[in-house]
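Presented below is the structure to which this report refers.
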Amino acid sequence: MKDQKGAVLPLIWPTEKTQSMFAFLVTHRETPIRRETLIETLWPGFPKDRASINFRTTASRMRQTISKVFSRQVDRQQIFVCHQGKYQLLPDIQFHVDSDEFTLLLKEAERASSPEEKAKIIEQALTLYKGDYLPEIYDSWTDVLRRSLRERRLSALHWLAQYAKEQGNNFGCITACESYLSVEPLSEEIARIYMMCLAHTGRLAAVKAYYTSFQQRLRKELCSSPSAKTQDLYRSLLQSRSAQ
């Protein structure tokens, strides 16, 4: 959150649920939210009376926390307002949300006029992804967004790795593959691209070490082995490099 001069204001939340309410409202800040929706999202399965008390207490704590960092610039009661049974944070409070910018950039990348432009926009978007969305909040609504953002990042990395490979940018391809595999280490398609780019840079020992590790991981976690396609690629990489 920023003040009227654009300076970032640190927020220290008294409870996880207070932070979750604030984050949910920021995430959906363009649309007023029904009280029932907030309660069902933040306290699913709670008795109605208990959930209503929790809602009022949490809303009060949220107002107090935000009003502290704004000092007297904003009336506490105007921070979280209700109109026709729907709640919303005031639209004139500025929010900078990396996940929103990340999503917008990926949409912009899809409209790029050339693969080169698309790659640049994707690279810019990926710099905004610092880790899982709100990892400190353990609510079902954040889990859904975490998975969605993670999948978008993986899709972007997949495209970037493939594009870099096609352009002969082996180091760029390796970087994209390593980022992808750090999240999804059992992806055979990315594993194959990764080994090809390692081989193209002359790192045959790295290819062998990676394939052995990948093979062991598949056996341990899935009781499986690399597909015939992956095994054939591995053998062909060793043979082609050994013949040189």
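The set of residues from the stretch 86-121 being surrounded by fewer than 17 Cβ atoms within 10 Å (Cβ to Cβ), of a type in the set (S, T, N, Q) and under 29 Å from Glu40 (Cα atoms) comprises Gln88, Gln94, Thr103. Within the stretch 170-184, if we keep just the residues that are farther than 20 Å from Glu101 by Cβ and under 14 Å from the mean Cα position of the chain (by Cα), the residue that is surrounded by the most Cβ atoms within 10 Å (Cβ to Cβ) turns out to be Tyr180.
Scanning the stretch 122-169 for residues that are among the hydroxyl-bearing types (Ser, Thr, Tyr) and under 9 Å from the mean Cα position of the chain (by Cα), we see that the one that is surrounded by the fewest Cβ atoms within 10 Å (Cβ to Cβ) is Ser148. From Arg192, Arg219, which residue is of a type in the set (Lys, Arg) and either in contact with a helix residue (DSSP H, G or I) (Cβ under 7 Å, 6 or more places away or on another chain) or surrounded by 13 or more Cβ atoms within 10 Å (Cβ to Cβ) (or both)? Answer to the selection: Arg192. Screening Leu134 with (1) within 30 Å of Pro14 (Cα to Cα); (2) part of a helix (DSSP H, G or I); (3) among the hydrophobic types (A, V, I, L, M, F, W, C) gives one miss only, at (2).
Applying a threshold of 6 Å to beta carbon distances and a minimum spacing of six or more residues, or different chains, the list of pairs starting in the stretch 194-217 at a residue that is in a helix (DSSP H, G or I) and ending at one that is of a type in the set (Phe, Trp, Tyr) reads Tyr211/Tyr234. Does the stretch 157-168 include one or more residues that are touching a Cys at 6+ places or on another chain (Cβ under 9 Å) and farther than 17 Å from Glu189 by Cα? Yes - at least one qualifying residue is present in the stretch 157-168.
Could you please let me know if Ala119 is under 29 Å from His158 (Cβ atoms) and either part of a loop (DSSP other than H, G, I, E, B) or more than 26 Å from the chain's Cα centre (by Cα) (or both)? Against the criterion (under 29 Å from His158 (Cβ atoms) and either part of a loop (DSSP other than H, G, I, E, B) or more than 26 Å from the chain's Cα centre (by Cα) (or both)), Ala119 does not qualify.
Within the stretch 42-85, the set of residues being at pLDDT 90 or above, surrounded by fewer than 16 Cβ atoms within 10 Å (Cβ to Cβ) and part of a helix (DSSP H, G or I) comprises Lys48, Asp49, Arg50, Ser52, Ile53, Arg56, Thr57, Ser60. Looking at the stretch 100-111, can you tell me whether even one residue there is at pLDDT 95 or above and either assigned to a loop (DSSP other than H, G, I, E, B) or in contact with a Pro (Cβ under 7 Å, 6 or more places away or on another chain) (or both)? The answer is yes; a qualifying residue exists.
The values are calculated or read from the model by the stated rules, or taken from the named source; none is laboratory data. From a predicted model like this one, the values you see are computed outputs, not experimental measurements. No Cβ is skipped: glycine too gets one built from the backbone with ideal geometry, and neighbour counts run over all protein chains shown.
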